[in-house]
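Coordinate-derived values only; no laboratory data. This one's a predicted model, so the numbers in the text were calculated from it and none came from an experiment. Neighbour counts run over all protein chains shown; Cβ positions are idealised from the backbone, glycine included.
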Amino acid sequence: MKPLIVALDGNDHHARALESRLGVERAGATIRRFPDGESYVRLEEESCEGREAIVVASLDRPDAKVTQMLMVAETLRDLGVRRIGLVAPYLAYMRQDKRFHPGEGLTSRYFGRLVSRHFDWMACVEPHLHRYDSLDEVYDIPTRHIRATDPMADWVRRELETPILVGPDDESSQWVERVAEAAGAPHVILEKIRHGDRDVDISVSGVPFEQWGDRTPVLLDDIISTGGTMAETVRLLRERGAGDPVCLGVHAIMVGEADAKLREAGASRVVTTNTIDHPSNAIDVQDVLAEAVDGLIA
Ligand code: R5P
């Protein structure tokens, strides 16, 4: 029997793409919230016994979604599903990968353990791997780190004649170097010091702006959250006389008016992949997502 797919609210586009590319079957399901915010879950499948299931849940603004995702997984298990995979186009809780201050929770680890207890495998697009080298350091189940760098490089090649890729901080080099190479463009990595959730300093010292000529700077990062990192970088590049930058992000978390903030700072375009539904989505990751899931289903 084909694997069943269940999508949390806001994940229809991912579920439809997996359905059409992999021939998995969309489960009849009612997933809603009671007026007090608690989740109601009902699966309308005749037979779940012995089947495989995929839960699709992009986990931006995660706390309420995580409870619902676990309730769906438990319902599936209770109804006899034998193997459940989680497809999280955006995977939350990767940030606290170190105890930065005494007494802090290592929430990336706790979240990894929690997901590993409820699911048999997990796939996500460009997880925020900073101090971890791989998801295996946090997850006890088979995982797939799906790269968005090829679809992003395709977009850069298609849309920009002479780009230069710019990474705002050291950890962005993992995406910037790949996209730059695939797009045949030069790149530069800046330095960032984070002072707080919304307060960052970027250093552009030593960047050879005079050699950039007419190149279009493409700022590339995994997450655009408050937009603070990119807005500050846009501001500095414009101050140094670089052309109006394009802001390219994998995950459009976009807290508040983050994209407006970037345009106000001087970005010519704000472009993201469709891991999180947002008006800035212009890069489709459904093919790479489906390919990874195909390798995980039995
Ligand atoms: C952090 O290390 C990430 O790679 C991003 O740079 C960060 O999440 C961006 O956040 P914000 O948009 O709030 O500056």
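In units of 2.2 N^0.38 Å, what is the alpha-carbon radius of gyration of the chain? Present the calculation step by step, with values, prior to reporting the outcome.
Numbers: Rg = 20.2 Å, N = 298, 2.2 N^0.38 = 19.2 Å.
Here the Cα radius of gyration is 1.05 times the empirical estimate.
Could you state the number of Å between the C-alpha centres of the stretch 156-219 and the stretch 264-298?
So the separation of the two Cα centres works out to 20 Å.
At a threshold of 8 angstrom on Cα-Cα distance, excluding pairs fewer than six apart, so keeping six or more, what relative contact order does the chain reach in percent?
On the way: 594 pairs, mean separation 39.5, N = 298.
It rounds to 13 percent for the chain.
Which net charge results for the neighbourhood of GLY85, defined as the other residues with beta-carbon distances under 13 angstrom from its beta-carbon, given Lys and Arg at +1 and Asp and Glu at -1?
Values: positive: ARG51, ARG77, ARG82, ARG83, ARG144; negative: GLU52, ASP120, ASP294.
Net local charge, GLY85 excluded: +2.
For the peptides 99-112, 220-233, what is the packing order when you average, over each peptide's residues, the other Cβ atoms within 10 Å and list the highest mean first?
Details: 99-112: 12.9, 220-233: 23.8.
Per-residue mean Cβ counts within 10 Å order the peptides as 220-233, 99-112.
How fast does the stretch 46-178 diffuse by Stokes-Einstein, in µm²/s, taking the Kirkwood radius from C-alpha pairs at 10 °C and 1.306 mPa s?
Details: Rh = 16.7 Å.
Approximately 95 µm²/s, per Stokes-Einstein.
Short version: what are the Cα gyration tensor semi-axes of the stretch 23-66, square root of 5 times each eigenvalue, largest first, in whole Å? Please report the intermediate quantities before stating the final value.
On the way: eigenvalues 105, 44, 13 Å².
Ellipsoid half-lengths, sorted descending, are 23, 15, 8 Å.
Treating the angle as unsigned and between 0 and 90°, give the value, to the nearest 10°, between the Cα long axis of helix 107-118 and the longest Cα principal axis of the chain.
Around 30 degrees separate the two axes.
Hey, what angle do you get for helix 149-159 against the long axis of the chain, alpha-carbon based, 0 to 90 degrees rounded to 10?
50 degrees
Quick query: amide H of ASP169 versus all other amide H atoms, modeled in the peptide plane; which residues come in under 5 Å with a sequence gap of 5 or more or a different chain?
LEU190
If you take every DSSP beta bridge whose two residues both sit in the chain, what share of them, in percent to the nearest 5, is antiparallel? Intermediate results must be reported in sequence, preceding the final value.
Numbers: 10 of 48 bridges.
So the antiparallel bridges amount to about 20 percent of the total.
Would you mind calculating the relative contact order of the stretch 127-187 from Cα pairs under 8 angstrom and at least 6 residues apart, reporting the percent as a whole number? Working shown, then result.
Working: 43 pairs, mean separation 19.1, N = 61.
In percent, rounded to a whole number, it is 31.
What share of all Cα pairs of the stretch 253-297, in percent, falls into each consecutive 10 Å distance bin?
Calculated over all Cα pairs of the stretch 253-297, the distribution is 25, 39, 22, 12, 2 percent.
Can you compute the charge dipole magnitude of the chain about its Cα centre, using +1 on each Lys and Arg Cβ and -1 on each Asp and Glu Cβ, nothing else charged? Give it in debye, rounded to the nearest 20. Don't skip to the answer; put the middle values down first.
Values: 35 positive and 51 negative charges, 67 e Å.
Roughly 320 debye, rounded to the nearest 20.
Among VAL179, GLY213, GLY228, which residue has its Cα positioned farthest towards the positive end of the charge dipole of the stretch 149-228, with +1 placed on the Cβ of Lys and Arg, -1 on the Cβ of Asp and Glu, and the dipole taken about the Cα centre?
GLY213
Dividing the alpha-carbon Rg of the stretch 172-298 by 2.2 N^0.38 Å yields what?
On the way: Rg = 15.5 Å, N = 127, 2.2 N^0.38 = 13.9 Å.
Cα Rg divided by the expected 2.2 N^0.38 Å: 1.12.
How much length would be gained if the chain were fully extended between HIS145 and ARG238, taking 0.36 nm per residue of separation minus their Cα-Cα distance, in nm to one decimal? Don't jump to the answer; show the numbers that get you there.
Numbers: separation 93, 0.36 × 93 = 33.48 nm, distance 3.42 nm.
Taking HIS145 through ARG238 to full extension adds about 30.1 nm, to one decimal.
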